[in-house]
Amino acid sequence: MEVGFADTFWDSLKTIRRHNTWWYKIYEFFRYTTPRFIKNVWRFRKPLTNHYWWDHHSMLQFMEVSLTNMSDNLEKRGLEIEEPRMKKVIAMRRAIQLIKNYNDSNYIEMAESELGETILHDFEFEDVPDKPGFSRLIDTESDEEKKHNRKVYERSDEIEELEWIELWSILKGQDHKEYIKLHEEDELKEIKNDNLWNEWFNGSGIKAWWD
């Protein structure tokens, strides 16, 4: 059997050789690397400004900005077929929303939307009888109001925990062993399911988020 190479193969080798030269690396640094660096500094300006070594919120902000950029471009410019590509976009945007919810800490508002607003009163003080010149805060909440507020706070904590688990579940992705098992079962059937992968895949898994 005779083996031949197309002209494009040799052109590719020439391109690889050229890209490894010192003069091309200098050109690449000023033509591509530096503009990309400047663009990324502007894109990540908020998490860069908010970054402190002792706080984890800015790390999540970096991920939020990166996922926003990736999901927007994947939707508009992605090369993958639409069905799995848009599943990835949806999963990314859900992760973005979960990060925003965590960094904004708006779980009280979310719980209130389910159970009703917390009942708050203005601060009221009274003099301490046996301590002239001292005041103490008066508890003006009724037992019913305390019970309602406690439910809202507990639901808030529950939502936060569930969303935190959901975020890392999205990033982790599905267990591929599940698909292998489904595929093996499908192979035993007379009529194969040609859409098995798309039916199983839900778009999650940061390792699969590339184009």
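The values are calculated or read from the model by the stated rules, or taken from the named source; none is laboratory data. These numbers come from a predicted model, not from an experiment. No Cβ is skipped: glycine too gets one built from the backbone with ideal geometry, and neighbour counts run over all protein chains shown.
Only one of (1) among the aliphatic types (A, V, I, L, M); (2) surrounded by 12 or more Cβ atoms within 10 Å (Cβ to Cβ); (3) modelled with pLDDT under 95 is not met by residue 91, so which one is it?
Unmet condition: (3).
For residue 164, state whether it is within 16 Å of the chain's Cα centre (by Cα) and aromatic (Phe, Trp, Tyr).
Judged against the criteria, residue 164 is a match.
Name the pairs: first residue in region 82-101 and under 16 Å from residue 69 (Cβ atoms), second residue at pLDDT below 95 and assigned to a helix (DSSP H, G or I), Cβ to Cβ under 8 Å, at least 6 apart or on different chains?
Pairs found: 88/208.
Looking at region 69-79 only, could you name the residues that are out of contact with any Lys or Arg (no Cβ under 8 Å at 6 or more places or on another chain) and either surrounded by 11 or more Cβ atoms within 10 Å (Cβ to Cβ) or in a helix (DSSP H, G or I) (or both)?
70, 72, 73, 76, 77
Assuming residue 209 fulfils every condition listed in (1) under 21 Å from the mean Cα position of the chain (by Cα); (2) without any contact (Cβ under 8 Å) to a residue 40 or more places away in the chain apart from one, which condition is it?
(2)
Taking helices (runs of 4 or more DSSP H) that fall entirely within region 113-211, which contain at least 1 residues that are over 30 Å from residue 72 (Cβ atoms)?
It comes to 143-172, 176-187.
Which one is nearest to residue 103 (Cα to Cα), of the residues in region 18-65 that are of a type in the set (Ser, Thr, Tyr) and assigned to a helix (DSSP H, G or I)?
Only one residue fits best here, namely 58.
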